[in-house]
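Down below is the structure, laid out as structure tokens.
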Amino acid sequence: MAASRIPPTAMNLKQFMLRQQVLSLYREVMRALRAMPDDAQRSDVKAWAREEFKRNKNHTDEMVIKMLLTQGRQSLRELQKTVNMTR
């Protein structure tokens, strides 16, 4: 007997826009990591970033997601500063 699948609920426009912002931030973080000269450090930071995104992927509260995006952007700026200083 096949298991019945519950169709995913459709996103409203706000949810779609927030999702796009999260995906964009993820891509920016991964791009910034490419510039890290130390392979071991890059791997550690990449694993940390992936874990943070996975840990927070089930949030549905718009305010929580916006707060996490703000924190993520700040972390990205710190990462970019650090990478630029090591060049």
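The values are calculated or read from the model by the stated rules, or taken from the named source; none is laboratory data. Values in this document were obtained by computation on a predicted structure and should not be read as measured data. In this analysis, Cβ positions are derived from the backbone assuming ideal geometry, glycine residues included, and neighbour counts consider all displayed protein chains. Protein only, heavy atoms only, side chains kept; ligands, DNA and RNA dropped before computing areas. Shrake-Rupley method; radii C 1.70, N 1.55, O 1.52, S 1.80 Å.
Worth a mention:
- Nearby lysines by direct alpha-carbon distance to LYS14 (threshold 21 angstrom, same-chain neighbours under 8 apart not counted): LYS54, LYS57, LYS66
- The dipole here belongs to the chain: it is taken about the Cα centre, uses +1 on the Cβ of Lys and Arg and -1 on the Cβ of Asp and Glu, and is about 240 debye.
- Extreme residue, positive dipole direction of the chain, given options MET63, VAL22, GLN41 (C-beta unit charges): VAL22
- Å² of accessible area per residue within the chain, as computed with a 1.4 Å probe and no ligands counted: 83 Å²
- Between the entries (i) 31, 17, 10; (ii) 23, 15, 11; (iii) 26, 18, 11, the label attached to semi-axes √(5λ) of the Cα gyration tensor in Å calculated for this structure is (i).
- Residue of MET36, MET67, MET11 that the Gaussian network model of the chain assigns the largest fluctuation, springs spanning Cα pairs under 10 Å: MET11
- Taking Cα atoms only, the orientation of helix 13-34 departs from the longest principal axis of the chain by about 30 degrees.
- Taking other residues whose beta carbon is less than 12 angstrom from the beta carbon of ARG19, and scoring Lys, Arg as +1 and Asp, Glu as -1, yields +1.
- Helical content of the chain, expressed as a calculated mean residue ellipticity at 222 nm, amounts to -25500 deg cm²/dmol (DSSP H runs of 4 or more residues, -39,500 (n - 2.57) each, divided by residue number, nearest 500).
- With every protein chain in place, the chain: carbon and sulfur % of accessible area (1.4 Å): 56 percent
- Theoretical FRET efficiency, 1/(1+(r/R0)^6), r = Cβ-Cβ of LYS46 and THR82, R0 22 Å, to 0.05: 0.95
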